[in-house]
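Only one structure is covered here, and it is reproduced in the block below.
The values are calculated or read from the model by the stated rules, or taken from the named source; none is laboratory data. Only a predicted model underlies this, so the values are computations on that prediction, with no experimental measurement involved. For neighbour counting, all protein chains shown are included, and Cβ atoms are generated from backbone atoms with ideal geometry for every residue, glycine included.
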Amino acid sequence: MSQEIVTEFTIPAPPERVWRVLIDTEAYPQWNPLIPRLRYRGDLVAGRRALLTIAIAPGRPRVVVPVTVRCVDHLREFSWEGGPSALIRGTHYHRIVDRDATSTRLRHGESFRGALAPALWRGLEPLLRPAYERFNDALIERVAKLSPAAG
């Protein structure tokens with residue numbers, strides 16, 4: 001059984017600019033309140049292993065989780081999957097679902113599966129939803145700060 005959190009929002013910027021911010025993981029510490037660090041070696045490609053630092057809420061300890069990049073599909077999807085064990089695993093995604101020259105509709109979420117997912121969901125969902133919304137707001141702000149000429 002799978003549990004899922006989904007957020008969807010529009011960013012008033014072209015998809016190229018949004019995409020550039022999403023895949024610039026080296027800049028995450030400068031703006032990303034949910035995922036302040038995503039470390040990997042080499043190019044950002046599907047199958048690459050990484051270490052993800054998650055900051056679910058201010059004042060709570062950060063957690064480092066091993067993940068595998070699942071998809072880097074230009075202007076479509078950036079996702080990874082991982083978790084502490086087979087008892088609970090997550091697939092975290094950013095999907096561009098609609099776009100035009102001046103705006104980008106993004107679906108940001110995560111689906112959890114494993115034997116513990118249903119039992120832990122009642123405690124996870126109230127923590128995750130605000131964290132995902134903080135990420136969404138920070139992404140909108142970060143994209144807005146980029147020069148329009150930059151893409």
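Within segment 2-15, the set of residues being of a type outside the set (A, V, I, L, M, F, W, C) and either exposed (fewer than 14 other Cβ atoms within 10 Å of the Cβ) or modelled with pLDDT of 95 or more (or both) comprises Ser2, Glu4, Thr7, Glu8, Thr10, Pro12, Pro14, Pro15. For segment 94-129, taking the residues that are among the aliphatic types (A, V, I, L, M) and not in a helix (DSSP H, G or I), the one that is surrounded by the most Cβ atoms within 10 Å (Cβ to Cβ) is identified as Leu106.
Can you tell me which of (1) within 12 Å of the chain's Cα centre (by Cα); (2) not in a strand (DSSP E or B) is the one Thr91 doesn't meet? Only one criterion is unmet by Thr91, namely (2). The single condition from (1) touching a residue at least 12 places away in the same chain (Cβ under 8 Å); (2) in contact with a Ser or Thr (Cβ under 8 Å, 6 or more places away or on another chain) that Leu128 fails is (2). Taking segment 71-88 as the range and being closer than 23 Å to Arg134 by Cβ and buried (at least 18 other Cβ atoms within 10 Å of the Cβ) as the test, the residues that pass are Phe78, Ser79, Trp80, Gly82, Gly83, Ile88.
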